[in-house]
Amino acid sequence: MTVRNIAAIDLGASSGRVMLASYHTGTRRIALKEINRFTNQLTRAEGHDIWDVEYLEQQMLTGLIQIDQSGIQLDSIGIDTWGVDFVLLNKENERVGLPIAYRDRRTDGVMAQVIKDLGAEKLYSLTGIQLLPFNTLYQLKALTEQQPELIEQISHMLLMPDYFYHRLTGAYNWDYTNASTTQLLNIDSGDWDQTLLDYLGIPRHWLGKPSQPGTSLGHWVSPSGRKVPVTSVATHDTASAVVAAPLTNERSAYLSSGTWSLMGIDSSKPFTDARARQANITNEGGVDGRYRVLKNIMGMWPLQRICKELEIKSVPTLIKDAADVPAFTSLINPNDDRFINPESMVAEIQQSCREHRQPIPESAAELARCIFDSLAMFYRQVAQELATLQGEPLEQLHIVGGGSQNEFLNQLCADTCQMTVTAGPVEASTLGNMGCQLMALGDVANVSDFRHLLAENFPLRRFIPNHQPDLDTHCRRFQALSHAHEEFLL
């Protein structure tokens, strides 16, 4: 019996982890061991919200060195992170400028200007990507206009996971699954769109041709002298999470639930027609030639912010208290730009409710209930949009990631979407990262094979929908909020 030992490094927008994943080829058993878990958060520098990439690299190496010192011989290392953000390098591989985070205010108003210049319809036809104000396209537009003095210094632009791969191995890579989040990739060619690069004034040499997951990127040499193979996985964390989502058929959807909620279907083709554009659906790159047809939803970020602002010590207690608040008393549109990074999330939620003449949530429980109800409503709306696009109804929703542990929200989602919900696995991005490495090693045939393997190892929880009184009335209230936000994109 062979045991594969794999390091899966999963860096999220609010936390990161180095996991040791072991696969016993004979018994088909998977074991996960947490080696190093750490927080990730925005820091301020020179008036910008940035990522502390040196800290993240140090935490990543701390975990790898701990594995090495334990005497375990790794068969492979893989890294996934959040999307759209990047690091700029000069010819000496030194960083140029700051690693500015997508929640920074430098992109305020930039998307509207680009839409005015190019048109929303043209942007969507070129890329098939959801118009979000922090996409890499708009970050680069802000860079070229606000810091033009940096342009001549730049030799390469690496997205976050590719930057950390570069730090491990010295290799340059542009993984397709993450590159597709930038709104710079042509939906037809799978390569960088020259029209958009010309519009931005970005030299082509900044970017190499996107590669597929499974690409070998060389080796990491450990302090003990071991040479460990490094493999490019589905480096966008959602792409890895979808690999681990237990989808059973074409009528199944996934919801990767964390700081962001990403809800979609695993499709053999993209959807770029007028209906998809009007719904602001995104078509991101997946594994095995598939597409992640999905919508980005703000997710647990508002809840994380109110917990920090109100110094909430016990999230489980907050969720329990929120369950006692009457349903759908107050609703917000979680994807409204005002919630991306406000000075006070509490004040912003209250102001939104005030503007729309709804009861003002005052207590922490009322604020949390407002967030949960609004997310559930958004999930229902996206489920209907996806069903319309593919021409058949969705029957089951699979929630993966950290948010799958929130049983109250899982049941609320089932009740609001009126479909069966399954929850798990929790460490979906880590497991999908592992799956890509196992496929590259030849131990697993494809994504379908890996999902069957996960079903043998990780039991799921099921949530059956209950009747929700006055659901249609509340849905109409929410639709008015969401339509007002996205109508300018049309």
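Just a few scattered comments:
- Contour excess over end-to-end distance, with Cα ends at residue 308 and residue 194 and 0.36 nm allotted per residue: 36.8 nm
- Solvent-accessible surface of the range 352-461, taken per residue with a 1.4 Å probe and all protein chains present: 34 Å².
- Sequence ranges 11-20, 426-435, 227-236, ranked by mean other-Cβ count within 10 angstrom, highest first: 426-435, 227-236, 11-20
- Carbon and sulfur %, accessible surface of the range 117-224 computed with the full protein complex present, 1.4 Å: 47 percent
- Formal net charge of residues neighbouring residue 13 (Cβ-Cβ distance under 15 Å; K, R +1; D, E -1): -2
- For the range 278-323, trypsin sites (Lys or Arg not before Pro) are listed when DSSP marks them as loop and at most 15 other Cβ atoms sit within 10 Å of their Cβ; the list is 313.
- Cα gyration tensor, the range 315-387 - rounded (a/c under 1.5), prolate or oblate: oblate
- Beta bridges per DSSP with both ends in the chain, % antiparallel, nearest 5: 75 percent
- Distance-filtered residues of the range 130-166 - backbone nitrogen under 12 Å, label point 7 angstrom along residue 205 Cα→Cβ: 152-156
- Accessible carbon and sulfur surface of the range 384-478 relative to its total accessible area, %, 1.4 Å: 49 percent
- Cα gyration tensor shape of the range 107-241, rounded if a/c is under 1.5, else prolate or oblate by comparing a/b with b/c: prolate
- In this simple spin-label approximation, residue 212 and residue 405 carry label points 7 Å from Cα along the Cα→Cβ vector, and these lie 3.6 nm apart.
- The range 121-174 and the range 192-225: distance between their alpha carbon centers, rounded to Å: 10 Å
- Here is the list for the range 339-412: GluC sites (Glu not before Pro) lying in DSSP coil, each with at most 15 other C-beta atoms within 10 angstrom of its C-beta, are 343, 362, 395.
- With N counted as the residues of the chain, its alpha-carbon radius of gyration over 2.2 N^0.38 Å works out to 0.94.
- Förster-model FRET efficiency, 30 Å R0, residue 395 and residue 3, C-beta, rounded to 0.05: 0.20
- For the chain, the relative contact order works out to 15 percent when only alpha carbon pairs closer than 8 Å and six or more residues apart are counted.
- Residue-normalised accessible area of the range 197-340, given per residue in Å² at a 1.4 Å probe: 37 Å²
- Gyration tensor verdict on the range 1-135 (Cα atoms; rounded if a/c is under 1.5, prolate if a/b is larger than b/c, oblate otherwise): prolate
- Cβ-derived FRET efficiency at R0 60 Å, residue 24 paired with residue 116, nearest 0.05: 0.60
- Computed with every protein chain present, the accessible area of residue 338 is close to 50 Å² [probe 1.4 Å].
- Modelled spin labels at residue 152 and residue 420, positioned 7 Å past Cα toward Cβ, are 6.5 nm from each other.
- Helix-only mean residue ellipticity at 222 nm for the chain, each DSSP H run of n ≥ 4 adding -39500 (n - 2.57), per residue, nearest 500: -11500 deg cm²/dmol
- Stretchable slack from residue 480 to residue 343, in nm (0.36 nm times residue separation minus alpha-carbon distance): 46.8 nm
- Summing +1 for each Lys or Arg and -1 for each Asp or Glu among the other residues whose beta-carbon sits under 14 angstrom from that of residue 287 gives -4.
- For the chain, the tally of Lys pairs with Cα-Cα distances below 28 Å comes to 19, considering only residues 8 or more apart or on different chains.
- Within-13-Å neighbourhood charge of residue 401 [Cβ basis; K, R +1; D, E -1]: -3
The values are calculated or read from the model by the stated rules, or taken from the named source; none is laboratory data. All of these numbers come straight from a predicted model, not from anything done at the bench. A quick note on method: Cβ atoms are made from the backbone with ideal geometry, for glycine too, and the neighbour counts reach across all protein chains shown. Accessible surface areas use protein heavy atoms only, side chains included; no ligands, DNA or RNA. Shrake-Rupley method; radii C 1.70, N 1.55, O 1.52, S 1.80 Å.
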